[in-house]
Amino acid sequence: MDIASKVEVIPPSFVVTNTYAGTVVYGPGGKYGPRIQMDLQLVLLHSGSMTVEIDGVPFSVPPESIALLKPGHEEMFHFNEKRDTWHRWIAVAVDPLLPDAAAYFDSLPLYIPLTTRLNQLTDMLMSLQNDGCSTEDEVVKALGRSALWLYATEYLHLGLNHLKHPAVLLAVETIHERFGEELNLKDLSQITGKTPEHMIRLFQRDEGVTPIQYLWQYRVKKGLELLRSTGLNIGEVAEQSGFKTSYHFARTIKRHTGLTPSEIRKEHYNKPYRSGTNV
């Protein structure tokens, strides 16, 4: 069974009783354990490195990864010998897993690359905790459940993108986060550690366009979304979409769609409402 077919299975049900997020830094040569893992736990390894022995078998987890630890196993952690290791975690306490749920989580890998979405979800959990939310609050438990499904979803995304170069995936993620800012080929080259020429070749191979063409296509896409879903004026839409002037924005939109921004907005708001359909 391939990656996609595993993760597309309807997730089995399980009961979350509480969720807790935390952060810790271990100095060089730090250790933790042994312990029996009680929860479904996500460990976000931001820097340093980690080897975790699970039932006596060692597994290395590289930096910028997120590991999924499963209940009922003995664990011993060994951290980087030469530098600090910083990680955060989300511990999701659950009622004993039924066989189908246990098999589902066992089908997922020990770790995947750390993603922006999982980082943001962890930020949200920690912010709620800092504001006094209990580990048993429904919103906190729901975020714990969502973190586990997001891990599975990111695994699926990784499977669908396994043929794309990691530098392309990193550059695309950067563009999606920072499309409204000043961003150029040199910036993307520095972020990915690839020369501009190499980045162009990789993008043309994996995306069919250059990095800057991809950036402007994405800015157009987001600009159209803002036109259709907000009441921002054209200048504000242009600025938030990464265009320097409303004139440049309008000219680019007209070239891509054949319509002016005002015509697109008017066309959208004049569409008749149809009961029972999604907008």
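Key figures
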{"quantity": "Accessible surface, the chain, averaged per residue in Å² (probe 1.4 Å)", "calculated": "55"}
{"quantity": "Longest site-free stretch - the chain; sites: trypsin sites (Lys or Arg not before Pro), DSSP loop, at most 12 other Cβ within 10 Å", "calculated": "83-243"}
{"quantity": "The range 119-271 shape via C-alpha gyration tensor axes, a/c threshold 1.5", "calculated": "oblate"}
{"quantity": "Stretch gain in nm, segment THR230-THR17, where the contour uses 0.36 nm per residue and the Cα spacing is subtracted", "calculated": "72.8 nm"}
{"quantity": "Label-point gap, in nm, between PHE59 and LYS266 - each point 7 angstrom along Cα→Cβ", "calculated": "6.0"}
{"quantity": "Candidates LEU98, LEU215, LEU150: whichever shows maximal mean-square fluctuation once the chain is modelled as a Gaussian network with Cα springs under 10 Å", "calculated": "LEU98"}
{"quantity": "Apportionment of accessible area to carbon and sulfur, the range 175-274, percent (1.4 Å)", "calculated": "49"}
{"quantity": "Those GluC sites (Glu not before Pro) in the range 9-113 that DSSP places in a loop and that have at most 15 other beta carbons within 10 Å", "calculated": "GLU64, GLU81"}
{"quantity": "With every protein chain in place, the range 116-168: carbon and sulfur % of accessible area (1.4 Å)", "calculated": "56"}
{"quantity": "Nearest-20 debye value, the chain charge dipole, Cβ charges on Lys, Arg, Asp, Glu", "calculated": "1400"}
{"quantity": "Among (i) 144; (ii) 191; (iii) 178, the entry derived from the coordinates for volume of the Cα convex hull per residue in Å³", "calculated": "(ii)"}
{"quantity": "In Å², nearest 10: area of TRP149 left accessible to a 1.4 Å probe", "calculated": "60"}
{"quantity": "Among HIS248, HIS46, HIS73: highest mean-square fluctuation, GNM of the chain, C-alpha pairs under 10 Å", "calculated": "HIS248"}
{"quantity": "The chain: angle of helix 196-206 to the longest principal axis, Cα-based, in degrees nearest 10", "calculated": "90"}
{"quantity": "Theoretical FRET efficiency, 1/(1+(r/R0)^6), r = Cβ-Cβ of ARG205 and ARG117, R0 30 Å, to 0.05", "calculated": "0.70"}
{"quantity": "Theoretical ellipticity at 222 nm over the chain - DSSP helices of four or more residues, -39500 (n - 2.57) apiece, nearest 500", "calculated": "-14500 deg cm²/dmol"}
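The values are calculated or read from the model by the stated rules, or taken from the named source; none is laboratory data. Source: prediction; values computed, not measured. Neighbour counts run over all protein chains shown; Cβ positions are idealised from the backbone, glycine included. Ligands, DNA and RNA are excluded from the accessible area calculation, which covers all protein heavy atoms including side chains. Shrake-Rupley method; radii C 1.70, N 1.55, O 1.52, S 1.80 Å.
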